[in-house]
Amino acid sequence: MQFFTKKAKSKGRVGLSVNSDRLAFVHMEVKDGIPHLLNCERIDLESEKEAGPALNKLVKELELEGTQCSYVLNPKDYNLHLVEAPNVEAEELRQAVRWKIKDLLDMKIEDAAIDVFQVPEDAYRGREMVYVVAALNSKIQNIVKLITDSGLELAVIDIPELVMKNIATRFIDDDNGVAFMDLRKTGSTMNISRNGDLYLTRRINTQIDPDVMQSSEWNDLKDRLILEIQRSLDYYESQMGKGQITKIVISQRQHDSQAMVESLDQMLAAKVSVFNFEDAIEFDTEVSSEDLQICMAPIGACLRGAKKPETVADPEPTEPPEDTEQEAA
């Protein structure tokens, strides 16, 4: 099964992610070119087995049967590798990279669902590179069953790195390059994009929980985080031959967004700011900052294919952004 598969448009879009202890669910619709958040729910789970009944109940209560759904994998559920692209035709690329990465995976290659998204041609000084996503076929099949049984229609299976790209493409000025970061207890992600193209994505191992700044370990954690950020910026500038990144944007946090910005800004040459959903989308329901941080990935998944407001021409009032096949990079 291809992850990034084109589907027909429908009214509104559901974004969904599930892990062992939580289901995060949003329902969004584009009205007059502006994304509206209609519903935002997070449900605590004792195990992933509870996800099915919880989702079924939500879909029924909100009368969303038949609505398209974008599902976001958890980082633990897939491998992501950057490799040199095999010299094959585009339609043969997915099959060719299967055998190129088989020794890099923590699963048997015959058990893996594989998809790719390309890096811009100028990213590696003429070398054609691709990111390869690999997940267990059994995991993909379970997701398909979860969505189908709920009455939703599965449109796309996405990953956090690409839903972050969706947000940056829609709302953040990256004409001169920008680093967009999502800081979390389970591990952080840093994307570097320019002109809507994703040049670099890296997972940062430093764990940044919602109350980290109140911790006695914050100074040590901050030093480690700064080092990892700076290494990624240096790699982009020197190894990829790109210009200096002068702007870093962190995604909205539960309650310390501004304090985190001020702390990082003091130690980095690049200007640090925060992205707030409140400044970017319309809310047709009341949502806490905690829920917004937890549901960031499902919200970003609903923005796949979206353009910056000034580039949207004649938007259809109730249509969601159209998915584009292999629109991962």
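Of all residues in the range 6-64, exactly one satisfies the criterion of being at pLDDT 95 or above, of a type in the set (D, E, K, R) and closer than 18 Å to Ile140 by Cα, namely Glu50. Before we move on, is Ile140 in a helix (DSSP H, G or I), touching a residue at least 60 places away in the same chain (Cβ under 8 Å) and of a type outside the set (S, T, N, Q)? For Ile140, the condition - in a helix (DSSP H, G or I), touching a residue at least 60 places away in the same chain (Cβ under 8 Å) and of a type outside the set (S, T, N, Q) - is met. The set of residues in the range 81-92 that are surrounded by fewer than 17 Cβ atoms within 10 Å (Cβ to Cβ) and in contact with a strand residue (DSSP E or B) (Cβ under 8 Å, 6 or more places away or on another chain) comprises His81, Leu82, Val83, Glu84. Considering (1) within 17 Å of Ile140 (Cβ to Cβ); (2) not in a loop (DSSP other than H, G, I, E, B), the lone condition that Asp106 does not fulfil carries the number (2). Scanning the range 59-80 for residues that are surrounded by fewer than 17 Cβ atoms within 10 Å (Cβ to Cβ) and out of contact with any helix residue (DSSP H, G or I) (no Cβ under 9 Å at 6 or more places or on another chain) gives Glu61, Leu62, Glu63, Gly66, Lys76.
Only one of Ala123, Ala113, Ala135 is within 21 Å of the chain's Cα centre (by Cα) and in a loop (DSSP other than H, G, I, E, B); which? Sole residue among the options that is within 21 Å of the chain's Cα centre (by Cα) and in a loop (DSSP other than H, G, I, E, B): Ala123.
Every residue, every condition in (1) modelled with pLDDT under 95; (2) assigned to a loop (DSSP other than H, G, I, E, B); (3) assigned by TED's automatic domain parsing to the domain that holds Gly177, yes or no:
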position	(1), (2), (3)
Ser273	no, no, yes
Leu292	yes, no, no
Ala297	no, no, no
Gly300	no, no, no
Arg304	yes, yes, no
Lys307	yes, yes, no
Glu319	yes, yes, no
Thr324	yes, yes, no
Glu327	yes, yes, no
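Of the strands (runs of 3 or more DSSP E) lying entirely inside the range 145-226, those carrying at least 2 residues that are touching a Gly at 6+ places or on another chain (Cβ under 7 Å) and crowded, with 19+ Cβ neighbours inside 10 Å are 188-194. Within the range 227-263, the set of residues being acidic (Asp, Glu) and surrounded by 14 or more Cβ atoms within 10 Å (Cβ to Cβ) comprises Glu228, Glu237, Asp256.
The values are calculated or read from the model by the stated rules, or taken from the named source; none is laboratory data. All values derive from a computational prediction rather than experimental measurement. Neighbour counts run over all protein chains shown; Cβ positions are idealised from the backbone, glycine included.
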